[in-house]
Amino acid sequence: MTFRKLVEEAKKLLERAGVSNGKIVLSKNPNYGEATSPIAFDIAKRENLNPVEVAEKIVEKICGGRGRIIESVEALSGYINFKVDWRAYAEEILKTILSEREVYGSSSIGIGKKVIVEHTSVNPNKALHIGHARNVCIGDTLVRLFRFLGYDVLALNYIDDSGTQMADVILGITELGYSAEPPNGVRHDEYFGDVVYVEVSKRIEEDKQLEEKRRQIARMIEERDEKYYHLNRELVLKVLGDQLKTCWRLGASYDILNMESDIISYDIWREVFQKLVEIGAVYKAESGPKAGCWLLDLSKHPVLSKEGDEVLVKSDGSTTYVARDIAYAVWKLRGTSKDFKYRILTIDPWGREVLITDVNGEIEKNIGVPEYVLNVIDVRQKRPQEIIRYALGLLGLPSNRYIHYGYEVVAMSVRDAVKMGYTPEPKQEFVHMSGRRGLYVKVDTLLDMLKEKVSQEVLERHPDWSREKISDVSEKVAVGALRYCLIKPDVDKMIIVDTEEILKLEGDTGPYLQYSYARACRILEKADVDASTNPPPKLMEEEKKLLRRLAYFPTLLEEVGETLLIKTLANYAFNLASDFSKFYEEVPVLHTEEESLKRFRLAEVMAFKITLGNVLKILGIPLVEEM
């Protein structure tokens with residue numbers, strides 16, 4: 001019996017009074033009941049009556065009725081409150097959780113529905129920094145959430161292998177003498193990002209001829225020039241292999257990697273462009289600074305028109321990234337007759353195939369028609385994303401299904417930037433990360449720092465543990481610390497990351513949640529009797545508070561599935577762990593002399609472990625049974 005079942009029982013009692021579809025919500029003040037209905041206010045407003053009197057009459061019609069777990073119904077200040085028989089409610093909550101276990105909270109709401117979640121999408125010329133990690137953690141959490149709710153989820157990673165940033169790397173290798181292979185012991189993503197990309201970018205700023213050469217290389221990559229295209233693909237795959245290792249370390253997985261250059265290779269852009277021409281949505285500029293370019297007409301859009309029309313094809317015939325993104329969005333919504341072919345790139349650490357687009361691929365995959373397409377992209381891309389949605393609408397596609405899941409960027413603390421040689425302005429509070437300037441904190445570097453700190457603390461607590469066990473636990477705690485740090489803030493709030501602050505493992509953190517889970521495991525391990533869902537005559541308030549939180553989990557998940565506010569899940573996990581901490585302090589479990597009471601409280605601990613474990617899995621925070 002979860003809160004959802006309590007709602008169903010309350011609705012049946014309202015129907016007894018002639019009230020149908022009555023809204024039932026969690027009571028803000030448990031002293032008045034576990035659930036409450038504001039339906040009297042809706043009726044009073046509609047019929048011009050007094051809500052207090054309406055509520056009282058509804059309760060009278062219920063005739064003091066009770067349900068299997070609802071003990072009484074009362075009217076107070078216009079609200080209809082439902083109080084429960086806590087013995088019956090507690091038993092049903094625990095029976096439900098202990099029987100459903102790892103599927104507790106899951107739902108069939110998504111059965112038969114497809115959702116596409118695209119995230120990460122880091123240019124394949126650098127290692128991931130912590131700004132990219134926010135994208136990875138948000139996107140992967142959405143994938144996990146929707147799968148838990150029963151949806152058929154396709155996790156995509158868009159590989160921008162045809163932009164100017166890759167042209168920088170190719171320019172460095174073909175024209176400026178940089179090696180195509182990193183020094184021994186250095187990863188490809190670090191070498192190309194930290195050395196080649198940064199240094200070539202500086203040289204381009206000083207030499208306009210190099211800038212023009214870069215443009216030529218970018219165009220030749222798009223046109224599949226024998227030399228530049230194949231060199232580019234070779235380097236991209238090497239960097240991508242390293243990037244995937246970082247993403248896997250964070251717990252993120254992907255079904256398909258779509259290469260941007262293949263949007264051109266498979267003629268997806270060509271077909272979409274022809275449709276745009278046919279409906280008169282694009283035009284070719286005949287004069288001015290954009291002469292020879294093809295532009296998307298935005299004159300009829302009330303907001304986008306203020307910044308002018310959008311270039312889709314440059315005067316030299318090469319496409320802009322917005323053009324390629326429009327074509328890609330059309331493909332996601334199944335609005336094109338063209339499709340990719342794939343090959344298996346690799347097998348991820350969980351034994352799943354990872355597909356990648358390939359013009360010589362032999363695998364065909366029908367992705368189906370999605371209910372929604374979620375694109376996890378930072379807020380700086382708001383205008384391009386709105387242009388894409390507008391273009392989808394012009395093409396007659398359901399643009400409302402194409403969702404830009406925007407989030408604010410991650411910035412560096414001034415303290416960290418200074419360590420990297422940056423000279424701050426007076427009173428500067430943060431520094432935006434920049435690949436071109438070499439100002440960023442790499443994900444693996446930060447995880448290694450976290451892991452080292454955790455290892456020292458674990459070794460002090462458990463000097464008898466093997467080196468392998470310490471490393472395993474420390475890695476899990478490091479990942480949990482970083483993921484939680486990047487998931488718990490509002491997505492519309494910038495995160496200013498300071499490596500010294502994130503290395504603090506106390507308070508509202510991932511390690512605190514992992515420790516709570518480990519504490520529950522330890523209690524259950526020490527138990528000398530089996531758990532039982534048979535409740536005592538009376539429950540302590542700390543027990544009720546914990547059970548109340550546990551019962552609400554399935555309802556909360558469906559709410560997050562609608563609002564997409566994943567920070568709500570992080571908040572729930574922290575509040576649940578806090579409730580358990582108070583329960584642990586105030587409610588004796590192992591030291592209770594009465595065996596029946598001990599067995600019931602062990603069931604409460606087990607239910608907490610199951611529920612926290614399930615929410616941590618959705619958040620991508622590794623479970624740790626010992627810390």
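Within the range 254-280, residues that are over 12 Å from VAL330 (Cβ atoms) have Cβ atoms under 8 Å from residues that are at pLDDT below 95 and of a type in the set (Ser, Thr, Tyr) in these pairs: GLU260/SER162; GLU260/TYR321; SER261/SER162; SER261/TYR229; ILE264/SER162; ILE264/THR319, counting only partners at least 6 apart in sequence or on another chain. Filter the range 223-242 down to residues that are surrounded by 20 or more Cβ atoms within 10 Å (Cβ to Cβ), within 20 Å of PHE340 (Cβ to Cβ) and in contact with a helix residue (DSSP H, G or I) (Cβ under 6 Å, 6 or more places away or on another chain), then give me how many there are. Of the residues in that region, 1 qualify. Checked against (1) part of a strand (DSSP E or B); (2) surrounded by fewer than 24 Cβ atoms within 10 Å (Cβ to Cβ); (3) under 14 Å from the mean Cα position of the chain (by Cα), ARG144 meets all criteria but (1).
The set of residues in the range 492-510 being surrounded by fewer than 19 Cβ atoms within 10 Å (Cβ to Cβ) and touching a Gly at 6+ places or on another chain (Cβ under 8 Å) consists of ASP492 alone. You will find that of ASP189, ASP168, the residue that is surrounded by 24 or more Cβ atoms within 10 Å (Cβ to Cβ), without any contact (Cβ under 8 Å) to a residue 60 or more places away in the chain and in a helix (DSSP H, G or I) is ASP168 and no other.
Exactly one residue out of GLU260, GLU211 is over 30 Å from VAL115 (Cα atoms), acidic (Asp, Glu) and modelled with pLDDT under 95: that is GLU211.
For (1) part of a strand (DSSP E or B); (2) touching a Cys at 6+ places or on another chain (Cβ under 7 Å); (3) more than 27 Å from THR2 (Cβ to Cβ), each residue gets a yes or a no:
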| site | (1), (2), (3) |
| --- | --- |
| ASP42 | no, no, no |
| LYS45 | no, no, yes |
| LEU49 | no, no, yes |
| GLU53 | no, no, yes |
| LYS57 | no, no, yes |
| GLU60 | no, no, yes |
| ARG68 | no, no, no |
| SER72 | yes, no, no |
| PHE82 | yes, no, no |
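Residue check: LEU94 meets all listed conditions (1) modelled with pLDDT under 95; (2) closer than 30 Å to ILE62 by Cα but one, namely (1).
In the range 114-141, of all residues being of a type in the set (S, T, N, Q) and in contact with an Asp or Glu (Cβ under 9 Å, 6 or more places away or on another chain), the one that is farthest from GLN381 (Cα to Cα) corresponds to ASN125. Looking at this structure, is VAL84 of a type in the set (Val, Ile, Thr) and under 23 Å from GLU541 (Cβ atoms)? It is true that VAL84 is of a type in the set (Val, Ile, Thr) and under 23 Å from GLU541 (Cβ atoms). Under the condition of being under 25 Å from the mean Cα position of the chain (by Cα) and among the acidic types (Asp, Glu), which residue from the range 422-449 is farthest from ASN125 (Cα to Cα)? The selected residue is ASP448. Considering only residues in the range 574-610 that are under 26 Å from VAL458 (Cβ atoms) and among the β-branched types (Val, Ile, Thr), the one that is surrounded by the most Cβ atoms within 10 Å (Cβ to Cβ) turns out to be VAL605.
Total residues in the range 39-56 satisfying the condition of being surrounded by fewer than 16 Cβ atoms within 10 Å (Cβ to Cβ) and either closer than 29 Å to LEU547 by Cα or not hydrophobic (A, V, I, L, M, F, W, C) (or both): the figure is 6. Residues of the range 13-30 that are surrounded by 13 or more Cβ atoms within 10 Å (Cβ to Cβ), under 37 Å from the mean Cα position of the chain (by Cα) and either part of a helix (DSSP H, G or I) or among the basic types (Lys, Arg) (or both): LYS23, PRO30. Scanning the range 383-431 for residues that are in a helix (DSSP H, G or I) and of a type in the set (Asp, Glu), which turns out farthest from ALA327 (Cα to Cα)? Among those that are in a helix (DSSP H, G or I) and of a type in the set (Asp, Glu), it is ASP416. Checking each residue in the range 359-393 for being among the aliphatic types (A, V, I, L, M) and under 28 Å from VAL282 (Cα atoms) picks out VAL369, VAL373, LEU374, VAL376, ILE377, VAL379, ILE387, ILE388, ALA391, LEU392. Of all residues in the range 96-136, those satisfying the criterion of being part of a helix (DSSP H, G or I) and charged (D, E, K, R) are GLU100, ARG101, GLU102, ARG134. Picking from residues in the range 538-572 that are among the β-branched types (Val, Ile, Thr) and in contact (Cβ under 8 Å) with a residue 40 or more places away in the chain, the one that is surrounded by the fewest Cβ atoms within 10 Å (Cβ to Cβ) is THR555. Take the residues of the range 342-365 that are in a loop (DSSP other than H, G, I, E, B) and either touching a helix residue (DSSP H, G or I) at 6+ places or on another chain (Cβ under 8 Å) or touching a residue at least 60 places away in the same chain (Cβ under 8 Å) (or both): which is surrounded by the most Cβ atoms within 10 Å (Cβ to Cβ)? Ranking the candidates gives ASP358 first. Residue count for the range 206-259, restricted to those that are more than 22 Å from the chain's Cα centre (by Cα), among the acidic types (Asp, Glu) and over 19 Å from LEU176 (Cβ atoms): 3.
Of all the numbered requirements in (1) of a type outside the set (Ser, Thr, Tyr); (2) at pLDDT 95 or above; (3) assigned to a loop (DSSP other than H, G, I, E, B); (4) under 26 Å from THR499 (Cβ atoms), GLY139 misses one, and that requirement is (3). Going through the range 285-319 one residue at a time, which ones are without any contact (Cβ under 8 Å) to a residue 24 or more places away in the chain and out of contact with any strand residue (DSSP E or B) (no Cβ under 9 Å at 6 or more places or on another chain)? Answer for the range 285-319, where residues must be without any contact (Cβ under 8 Å) to a residue 24 or more places away in the chain and out of contact with any strand residue (DSSP E or B) (no Cβ under 9 Å at 6 or more places or on another chain): GLU286, SER287, GLY288, PRO289, SER299, LYS300, PRO302, SER305, LYS306.
When TYR229 is tested against (1) closer than 15 Å to ALA391 by Cβ; (2) among the aromatic types (Phe, Trp, Tyr); (3) not in a strand (DSSP E or B), exactly one condition is not met: (1).
The values are calculated or read from the model by the stated rules, or taken from the named source; none is laboratory data. Worth saying up front: this structure is predicted, and the values here are computed from it rather than measured. Glycine also receives a Cβ, built like all others from the backbone with ideal geometry; neighbour counts cover every protein chain displayed.
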